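The values are calculated or read from the model by the stated rules, or taken from the named source; none is laboratory data. Please read these numbers as outputs of a predicted model, since none were measured by experiment. Virtual Cβ from ideal backbone geometry, glycine too; neighbours counted across all protein chains shown. Please note that ligands, DNA and RNA were not included when accessible areas were found on the heavy atoms of the full protein model with its side chains. Shrake-Rupley method; radii C 1.70, N 1.55, O 1.52, S 1.80 Å.
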Amino acid sequence: MSVGMNVGMEVKNLQMHFGGIVVADDINLTLKPGDRKALIGPNGAGKTTFANLLTGNLTPTGGSIHLDGQNIAHLRESQRVKAGVAKTFQITTLFKKMSVRENIRLPILERTGLGTKMFKKAEAYPEVEAEVEQMMTQFNLRAHADIEVHELAYGQQRLVELALTLALKPRILILDEPSAGVAASDSHMITDAIERLPKDLSVLIIEHDMKLVFKVANKIIVLVNGAILCEGTPAEIGKNQQVRDLYLGARHDT
Amino acid sequence: MQETQIKPAENLAQTAAPARSRKFLIKLLIDLALIGVGIAAYFIFPDNLGFITRILIMIILVLSLDLVLGYAGVATLGHAALFGAGAYGAGLFAVYFSADPLLGLLVGAIVGAIIAFISGLFLMRAHGLTLLMLTIAVAQILQEIINKERAITGGSDGLLGIDMDPIFGIYAFDFFGKTGYLYALTVLVIVFFALKILVASPFGAMAKGIHESAPRMRAIGTPVYWRLVGIYTISGFIAGIAGAVSAQVTELVSLEAFGFALSAEAMVMLILGGLGRLYGAIIGTVIFMVVHHTAASIDPFNWLFVIGTMVLIVVYFVPEGFMGLPVKLRRWLRWQK
Ligand SMILES: Nc1ncnc2c1ncn2[C@@H]1O[C@H](COP(=O)(O)OP(=O)(O)O)[C@@H](O)[C@H]1O
Ligand SMILES: [Mg+2]
């Protein structure tokens with residue numbers, strides 16, 4: 001069967017412009033199960049915009065996004081999530097005044113179709129609660145289960161966001177700068193969590209921290225001014241003089 | 001497999017059980033005490049039943065607003081649109097079709113829900129100031145329609161000729177408002193407990209989630225817009241109930257049911273009491289209306305000054321409203337030590 005051929009996400013000639021500014025210029029990308037691809041590039045290159053185009057937060061002005069052979073470019077964000085595309089935000093976006101447990105409960109309720117139930121308590125579904133516990137265990141969050149998220153250290157908030165996003169059981173996971181803003185002493189928590197993600201998940205990670213990128217990615221894509229400059233293995237990208245000049249070099253200076 | 005998965009949740013439920021059941025008991029006692037107050041008022045203030053009935057009806061309206069504003073975080077200054085829809089729905093039904101109170105109550109609720117759904121379809125796409133303006137506009141448009149159709153609705157003279165049948169064919173609405181009071185109290189108690197269940201449910205949790213972060217809700221796959229339309233429709237159902245009870249108990253509906261003053265006062269009452277707690281709707285409404293009543297009877301011209309000052313003080317010192325006072329006090333006492 002040809003199903004195997006199409007499994008994963010395939011982005012073709014994706015275009016996006018805000019008025020006259022082109023932020024996605026003919027981008028092509030595939031994400032197969034188990035892929036760990038990193039998207040790097042200077043600030044303003046269009047990385048976040050690209051992520052938003054994939055999740056449906058923004059609608060592309062051209063091109064197509066296929067998931068398992070189906071074009072999903074016309075689907076709304078919530079529908080794409082249900083199709084299996086999920087992302088974490090560059091700036092953590094959580095339910096700040098809810099506890100860790102409540103934060104993780106919501107996506108599970110939504111995913112399992114319980115989100116519109118009105119007559120039982122939100123915490124009265126044992127299978128949901130079991131899953132909440134399991135996610136908290138997986139991300140070392142059990143000790144903070146009943147603490148409101150805004151009281152947690154930023155690194156831990158990042159973990160909550162990862163747990164919450166993974167609770168959607170996505171097949172395509174997009175991480176927009178997961179280590180941005182995290183204290184250096186806590187960044188290993190993020191790296192560990194990313195390394196422990198399910199093996200068959202497709203992960204696209206947008207990241208400035210090159211240590212993290214080189215540790216988790218097996219393919220790096222360099223985006224400049226909305227267009228792909230080059231892509232290759234970490235070793236290839238590390239040696240690429242153009243990339244060093246444009247991006248890595250600039251980072252090393254600062 | 002199944003067993004090992006469920007275990008952690010069970011363990012947790014066991015360790016947290018005593019504390020949770022004690023909390024549940026305290027809350028139940030508070031609720032029973034509140035109902036007790038409602039019943040006691042019936043005997044203590046037999047001459048003021050009309051006024052207290054108005055308080056009960058207003059509590060229902062403010063509760064419905066709490067669902068939208070307090071839980072889902074959608075600011076509206078047009079909640080009277082839904083109240084008025086319920087009031088005219090039940091009133092017209094009583095005049096032209098059937099004077100049965102419970103049937104009329106259901107009609108008022110449904111009309112409120114329908115108006116909420118239709119207006120919600122475009123209101124829930126708007127935000128901030130635009131939304132506020134649009135909600136005001138909806139109430140004014142409805143008011144104008146009712147005003148224009150004076151042959152049917154009585155226009156600015158109000159809808160006259162409502163003569164309700166006895167409830168269940170037994171309990172007639174009396175001149176002293178005894179039946180009306182107990183009727184309003186019963187409806188309020190039912191609405192309150194229904195809302196308590198609703199806000200604790202997954203649907204309620206989703207409403208709070210939308211309030212906290214709509215982008216995050218979309219990112220977990222929630223169709224935020226449709227949920228908001230749903231919440232607004234339920235709120236319309238309840239506001240419609242408030243309007244219907246008002247029409248039935250006073251046997252009069254006027255254009256003021258759609259008035260901006262009503263929308264604004266409902267919002268002030270809710271902010272006074274505290275958003276997103278249900279109890280805040282009760283306490284805020286009672287305090288506002290009692291202060292208003294007392295101040296207006298002492299000085300019919302300057303009562304607004306008293307209300308204004310009270311609102312200023314509360315918003316400045318206890319932004320969480322009266323329901324935030326216990327926490328504030330506890331923190332203050334700890335600080336004193
Ligand atoms: N909603 C928007 N309207 C107009 N311009 C935008 C919008 N969002 C992003 N941009 C612009 O698009 C470019 C790419 O932004 P972004 O995707 O956030 O870059 P990156 O994540 O790589 O730092 C920037 O120049 C930014 O100013
Ligand atoms: Mg970015």
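Going 7 Å from the Cα of A:S185 in the Cα-to-Cβ direction, what parts of segment A:145-162 have a backbone nitrogen less than 14 Å from that spot?
A:153-156
Given a 10 angstrom Cα cut-off, can you work out which residue in B:F301, B:F97, B:F176 is the most mobile in a GNM of chain B?
In the Gaussian network model the winner is B:F301.
Roughly how tilted is helix A:154-166, in degrees to the nearest 10 and between 0 and 90, from the longest Cα axis of chain A?
Once rounded, the angle reads 80 degrees.
Quick check: Cα centre of segment B:63-138 to Cα centre of segment B:188-246, how many Å?
Spelled out, the Cα-based centre of one part sits 13 Å from the other.
Using +1 at the Cβ of each Lys and Arg and -1 at the Cβ of each Asp and Glu in segment A:9-253, identify which of A:L109, A:A183, A:T55 lies farthest towards the dipole's positive end.
Value: A:L109.
Cα to Cα, under 12 Å, and not fewer than 8 places away if on the same chain: which aspartates and glutamates meet these conditions relative to B:K196?
B:D31, B:D66
Can you work out the FRET efficiency for the pair B:F301 and B:L160, with r the C-beta to C-beta distance and R0 = 30 Å, to the nearest 0.05? Mind dumping the intermediate values first?
Details: r = 30 Å, r/R0 = 1.01.
The pair B:F301/B:L160 has a calculated efficiency of 0.50.
Extension gain A:C230-A:F119, at 0.36 nm per residue separation less the Cα-Cα distance, in nm?
Once the chain is fully extended between A:C230 and A:F119, it gains 34.6 nm.
Which of the three applies to segment B:201-337, rounded, prolate or oblate, going by the alpha-carbon gyration tensor with a ≥ b ≥ c and a/c under 1.5 meaning rounded?
Values: a/c = 2.51, a/b = 1.13, b/c = 2.22.
Oblate, because a/c is 1.5 or more while a/b does not exceed b/c.
Name the GluC sites (Glu not before Pro) in segment B:175-265 that are in a loop by DSSP and that have at most 12 other C-beta atoms within 10 Å, would you?
none
What does the charge count near A:S78 come to, summing +1 for each Lys or Arg and -1 for each Asp or Glu among other residues with Cβ under 9 Å from its Cβ?
+2
Taking 25 Å as R0, compute the FRET efficiency from the Cβ-Cβ separation of B:E149 and B:A264 and round it to 0.05.
Given R0 = 25 Å and the Cβ-Cβ separation, E is 0.45.
Going by average Cβ neighbours within 10 Å, how do the peptides B:310-318, A:170-178, B:87-95 rank, with the highest at the top?
Highest mean packing first, the order is B:87-95, A:170-178, B:310-318.
Would you tally the net charge around A:L166, using a Cβ to Cβ cut-off of less than 12 Å, leaving A:L166 out, and scoring K and R as +1, D and E as -1?
+3
Among B:F260, B:F288, B:F45, whose mean-square fluctuation peaks in a Gaussian network model of chain B (Cα, cutoff 10 Å)?
Largest GNM mean-square fluctuation: B:F45.
Please give the total accessible area that chains B and A bury against each other, computed with a 1.4 Å probe and expressed in Å² to the nearest 100.
It comes to approximately 2700 Å² buried between B and A.
For chain A, find the longest principal axis of its Cα atoms and tell me its angle to the long axis of helix A:100-111, 0 to 90°, nearest 10.
80 degrees
Just to be sure I understand the interface: list residues from segment A:81-96 that lose 10 Å² or more of accessible area between the chain on its own and the complete protein assembly, 1.4 Å probe.
Those residues are A:V81, A:K82, A:K87, A:F89, A:T93, A:L94, A:F95.
Roughly how far apart, in whole Å, are the Cα centres of segment A:14-39 and segment B:247-269?
That distance is 54 Å.
Between the chain alone and the structure with every protein chain in place, find the residues of segment A:162-192 that drop at least 20 Å² of accessible area; heavy atoms, 1.4 Å probe.
Listed in order, they are A:L164, A:L168.
Can you list the lysines whose alpha carbon sits under 25 Å from that of A:K87, skipping same-chain ones fewer than 8 residues off?
A:K12, A:K32, A:K37, A:K47, A:K96, A:K97, A:K169, A:K199, A:K211, A:K215, A:K219, B:K208
Label-point separation (nm) for B:R125 and B:K178, each offset 7 Å from Cα along Cα-to-Cβ?
The answer from the label model is 5.4 nm.
Assuming a ≥ b ≥ c are the square roots of the Cα gyration tensor eigenvalues, decide whether the protein assembly as shown counts as rounded (a/c under 1.5), prolate (otherwise, with a/b larger than b/c) or oblate.
Because a/c hits 1.5 or more and a/b exceeds b/c, the protein assembly as shown counts as prolate.
Using a 1.4 Å probe, what is the accessible area per residue for chain A, in Å²?
Result: 44 Å² per residue.
In degrees, nearest 10, range 0 to 90: what is the angle between the Cα axis of helix B:2-44 and the longest Cα principal axis of chain B?
Roughly 30 degrees, rounded to the nearest 10.
Ignoring ligands, DNA and RNA, please state the percent of accessible area on the protein assembly as shown from carbon and sulfur, probe 1.4 Å.
Reported share for carbon and sulfur atoms: 64 percent.
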